[in-house]
1. Kindly indicate whether any position in the range 107-125 is in a helix (DSSP H, G or I), over 30 Å from ARG20 (Cβ atoms) and within 12 Å of the ligand (Cβ to nearest atom).
2. If I ask for residues that are open to solvent by 50 Å² or more (accessible area, probe 1.4 Å) and over 30 Å from ASP229 (Cα atoms), which ones from the range 164-199 would you list?
3. Inspect all residues belonging to the range 154-176 and state whether any of them is farther than 19 Å from LEU108 by Cα and in contact with a Leu (Cβ under 8 Å, 6 or more places away or on another chain).
4. Search the range 18-37 for residues that are part of a helix (DSSP H, G or I) and pair each with any residue that is at pLDDT 95 or above and more than 13 Å from the ligand (Cβ to nearest atom) when their beta-carbon atoms are under 6 Å apart and the residues are at least 6 apart or on different chains.
5. Counting only residues that are open to solvent by less than 80 Å² (accessible area, probe 1.4 Å) and within 19 Å of the chain's Cα centre (by Cα), how many does the range 227-246 have?
6. May I ask you to verify whether GLU161 is over 18 Å from THR73 (Cα atoms), of a type in the set (D, E, K, R) and open to solvent by less than 60 Å² (accessible area, probe 1.4 Å)?
7. Give me the pairs: first residue in the range 59-82 and more than 14 Å from the ligand (Cβ to nearest atom), second residue of a type in the set (Lys, Arg), beta-carbon distance under 7 Å, and six or more apart or on different chains, which are they?
Amino acid sequence: MKLFSKKHQRATRQVENLPRHVAIILDGNGRWAKRRALPRSAGHKAGAENFRNIATYCKELGIEYLTVYAFSTENWKRPKDEVSTIMQLLEKYLHESIETMARENIRLRFLGDTSVLSPELRALIEKTNAISEGIDGFQANICLNYGGRDEIVRAARAYAEDVQNGAENTLTEETFSRYLYSDGIPDPELMIRTSGEQRLSNFLLWQCAYAEFYFTDVLWPDFDRKESDRALEVYSRRDRRFGGVK
Ligand code: FPP
């Protein structure tokens with residue numbers, strides 16, 4: 001498979017170890033807007049558009065899963081206006097996706113506690129979930145009201161409850177991971193964070209146990225196909241030993 005997009009004409013070599021699953025912490029929307037003397041909302045709008053572009057690119061490349069951190073359990077601390085801008089952008093994105101996902105063969109899944117979201121957003125999520133059931137193509141996972149620790153605590157509670165209700169108590173990493181939001185999704189091999197920050201910020205704590213990290217100063221709205229190529233190229237050269245030796 002060609003890694004580099006035709007548009008950039010940088011290379012045409014075959015890349016063997018393309019990750020199946022890429023996770024991205026979309027960071028830097030606010031700074032992107034500030035540099036242009038625009039309101040933060042303009043940064044989020046550009047960020048949402050870029051998510052669509054990069055999801056399409058991942059699909060074209062043959063990556064199977066893309067997971068993005070759209071809204072964390074901590075993001076509620078942001079000013080009310082900003083939270084509502086992000087929620088509106090998500091609604092807009094879902095409205096548009098309902099029209100296009102079947103045609104484009106893109107499945108959407110939401111990770112996080114969506115029960116506290118607005119009724120409108122929950123209805124859209126239900127609709128996209130129903131459409132996704134009939135699609136077996138590329139999967140985009142949107143983490144919404146998601147926190148890695150929260151996910152693990154919820155999973156532990158659910159497991160304990162099942163055992164209390166008579167389920168067999170045979171806890172293994174594999175059985176536990178079935179209680180996580182990410183049940184059924186392979187762990188990401190590559191975790192990208194944009195905008196220069198180098199931390200995980202409570203994102204996919206369990207799932208990133210063996211992920212390769214790629215940090216870039218590029219702000220999320222500027223993280224285009226060329227920047228994606230760079231990240232994938234770096235990943236393709238990493239030596240993944242999973243604690244063993246080679
Ligand atoms: C991080 O940038 C961005 C967010 C917390 C919000 C991301 C949400 C969207 C792009 C909207 C909808 C998403 C999808 C997937 C359709 P920041 O605000 O922390 O940037 P800063 O650190 O420069 O202030």
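1. Let us first name the residues in the range 107-125 that are in a helix (DSSP H, G or I), namely 114-116, 119-125.
Now restrict to residues that are over 30 Å from ARG20 (Cβ atoms): 116, 119-120, 123.
With the extra rule that they be within 12 Å of the ligand (Cβ to nearest atom), the set shrinks to none.
No, that holds for no residue.
2. Within the range 164-199, GLN164, ASN165, GLY166, GLU168, ASN169, THR170, LEU171, THR172, GLU173, GLU174, ARG178, TYR179 qualify.
3. First, the residues of the range 154-176 that are farther than 19 Å from LEU108 by Cα: 154-176.
Cutting the leftovers down to in contact with a Leu (Cβ under 8 Å, 6 or more places away or on another chain) gives us 155, 159.
Yes, there is a match, as at least one residue in the range 154-176 is farther than 19 Å from LEU108 by Cα and in contact with a Leu (Cβ under 8 Å, 6 or more places away or on another chain).
4. Pairs found: none.
5. 6
6. Details: over 18 Å from THR73 (Cα atoms): yes; of a type in the set (D, E, K, R): yes; open to solvent by less than 60 Å² (accessible area, probe 1.4 Å): no.
Judged against the criteria, GLU161 is not a match.
7. Correct list of pairs: ILE63/ARG20; GLU64/ARG20; TYR65/ARG20.
Condition check ((1) within 16 Å of the chain's Cα centre (by Cα); (2) in a helix (DSSP H, G or I)) across all residues:
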{"position": "ILE86", "(1), (2)": "yes, yes"}
{"position": "HIS95", "(1), (2)": "no, yes"}
{"position": "THR100", "(1), (2)": "no, yes"}
{"position": "ALA130", "(1), (2)": "no, yes"}
{"position": "CYS143", "(1), (2)": "yes, no"}
{"position": "ARG154", "(1), (2)": "no, yes"}
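The values are calculated or read from the model by the stated rules, or taken from the named source; none is laboratory data. These figures come from a predicted structure and were not determined experimentally. Please note: Cβ atoms are built from the backbone with ideal geometry, for glycine as well, and neighbour counts cover all protein chains shown. With ligands, DNA and RNA removed, areas are computed over all heavy atoms of the protein, side chains included. Shrake-Rupley method; radii C 1.70, N 1.55, O 1.52, S 1.80 Å.
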